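Trainee: Before I ask anything, here is the structure I am working with.
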Amino acid sequence: GDVNVSLSYDFDHESQDQFILYVELYSTADNETIYDTSPIIVNLIDENDHLPIFTSAPNQVVIPLTTPPDTPILTVTATDEDSGSNGGILYYLDSTQLGFHVDRHRGVITTTNSTLRSGDYYMTLTASDRGSPPKDNSINITVSVLQSTSPFIIFTENFYSFSIPEHSLPPLPVGTVMINEVINQTFGTNDILFSFRSPHSCFNINSSTGSITLTCSIDGELTSFHDLVIVATGPNGIMAEVRARVNISDINDHPPLFDKDTYTVVIYTNYNDTSMILTPLVSDPDQGMNGISRFSIVDSSISNLIDIDPNSGQISLISINGSLPQGDYKFTIKANDSLNSSLSSTAVVLLSIIEPSPKILEFSPSSLVFSVPENSPGGTVIGVLELITPHSLDPSEYLGNLQFEILSGDNIDYFHIVDSNATLILVNDLLDREEMESHVILVRASFIDYKVSTSSFITVSVSDVNDNNPVFNQTVYAA
């Protein structure tokens, strides 16, 4: 027969473009005998979901009035995380600006045959990918054309780009900026002094050589680059500036971490849904493939009852004929870094499979659905959990003897129940309707002696608040 493969979470082509799944064919007689094993290769098709990003983008360049035609004056580079044509870059210069031309494939701006005048030229350079529809990004560039008699300094590059690995220890050479020539001055390049426009806590520049060194340890998870502005000053006070970007390359040095040390799940013995019962949240500050985790169950004794998806960490029940075995189960789940198995963490799952409680105590239907505005502050009362019982008890006779517990559905700890007055309140102000429109939690109410209890799913709907500004879906529109 056919085998249906479904997605358990959103995939990102830029993080991983292919998955290999191994499907095992079991005997229906004992569910143990393996007849065959076959690999299934799932290739992810790239979507054009990333804008081009400028990696070398100086905002200003200075050239002499005597610059001849077809002279390269600036090179701008952009990258796109998408692949194929979606990641191909074409460069466009606004057509109203005479005197300059850009190579659409290389991003090199050159002078044309048009006669230049002294002064500033303002232009917009656009990098557009080749997707359908294309996505683009733009920067503004100023070209200052100086009279041939004006003194000025020319760097060897219009923009410098350096790279160092994160957690590098000082002093570490980063790179060097250099002067190409000094126009209309009696002094030479050796008379130039270098400095930063603003002092930097992690970088130093040699005033004589222009060499930049690292002076502190940098974490690539906090920032992926640092921008520096270097000033070159001559003996008579003339100055020139150039930008440099120091890229911090990521090192796979963090283990994936569960958001909780222990997860508690309670289900009934007549639970007949073999889909997800828990999806733990895992974070890894490393970037790209360094931040992808693989999941497993450490305990083999639970393997006949529980399964875990190695990619998403989703925990589900294995299909069982008849009712589930009543009891308490404790097992350990593990998250490994996908590229370095020595980076890992574990968490404990406490699974209780219980018999449905007799209808001595029930939640009132009016207590099953509540609504609360998004962004409500911590301490906000969502509602009161009302209980009904076949016995004509005054609520005051049993309310103080009740104990409430949120069994599942609240992994991020949004909610809390006050036992003394049975009120459901918010713990924090993190409810965001744009992230999740409703939350379904399983709540158990028990008399303190635990001889009588009842459980029910309660829905908390998050109502919308007008808290988001309208955003254009692209930065440049062409008519």
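We did not get these values from a lab; they are worked out from the coordinates using the rules stated. This structure is a prediction, so every number in the text was calculated from the model and none was measured. Reconstructed Cβ throughout: ideal geometry from the backbone, glycine too, with neighbour counts over all protein chains shown.
Trainee: Which distance in nm do the two modelled labels at LYS260 and ASN190 give, with both placed 7 Å along the Cα-to-Cβ direction?
Mentor: It is 7.1 nm.
Trainee: Could you work out the equivalent-ellipsoid semi-axes for the stretch 253-354, taking the square root of 5 times each eigenvalue of the Cα gyration tensor, largest first, in whole Å? It would help to have the intermediate numbers written out before the result.
Mentor: Working: eigenvalues 154, 29, 24 Å².
They are 28, 12, 11 Å, listed from largest to smallest.
Trainee: State log₁₀ I(q)/I(0) for the stretch 53-249 at q = 0.14 Å⁻¹ as given by the Debye formula over alpha-carbon point scatterers of equal weight, solvent excluded.
Mentor: Here log10 of I(q) over I(0) equals -0.91.
Trainee: Name the shape class, rounded, prolate or oblate, that the alpha-carbon gyration tensor gives for the stretch 80-180, where a ≥ b ≥ c are the square roots of its eigenvalues, rounded holds for a/c under 1.5, and otherwise prolate holds if a/b is larger than b/c and oblate otherwise.
Mentor: Note, shape of the stretch 80-180 comes out oblate.
Trainee: Along the Cα→Cβ direction, 7 angstrom out, place labels at ASN247 and ILE412. What is the inter-label distance in nm?
Mentor: 3.3 nm
Trainee: Separate question: Apply 1/(1 + (r/R0)^6) to the Cβ-Cβ distance of ILE45 and ASN206, taking R0 = 56 Å, and write down the FRET efficiency to the nearest 0.05.
Mentor: That pair, ILE45 with ASN206, gives E of 0.65.
Trainee: Roughly what would the spin-label model give for THR215 and LEU172, points 7 Å off Cα along C-beta, in nm?
Mentor: Each label point is offset 7 Å from its Cα along the Cβ direction, giving 1.7 nm.
Trainee: Still on this structure, please answer the following. Please work out whether the stretch 158-246 counts as rounded, prolate or oblate from its C-alpha gyration tensor, where a ≥ b ≥ c are the square roots of the eigenvalues and a/c under 1.5 means rounded, while otherwise a/b larger than b/c means prolate and anything else oblate?
Mentor: Numbers: a/c = 2.63, a/b = 2.37, b/c = 1.11.
Note, shape of the stretch 158-246 comes out prolate.
Trainee: Also, I was wondering about something else. For THR156 and SER420, what is the calculated FRET efficiency with R₀ set at 56 Å and r taken between the beta-carbons, to the nearest 0.05? Please list the in-between numbers first.
Mentor: Details: r = 74 Å, r/R0 = 1.32.
Efficiency at R0 = 56 Å is approximately 0.15.
Trainee: Calculate the FRET efficiency for ASP309 and GLU405 from the Cβ-Cβ distance with a Förster distance of 41 Å, rounded to the nearest 0.05.
Mentor: That pair, ASP309 with GLU405, gives E of 0.90.
Trainee: For the stretch 253-354, what relative contact order do you get, as a whole percent, if you take Cα pairs closer than 8 Å and at least 6 residues apart?
Mentor: Values: 228 pairs, mean separation 41.1, N = 102.
Reported as a whole number, the value is 40 percent.
Trainee: Could you calculate the contour length gain from ASN59 to LEU430, that is, 0.36 nm times the residue separation minus the distance between their Cα atoms, to one decimal place in nm?
Mentor: Numbers: separation 371, 0.36 × 371 = 133.56 nm, distance 3.93 nm.
Gain in length upon complete extension: 129.6 nm.
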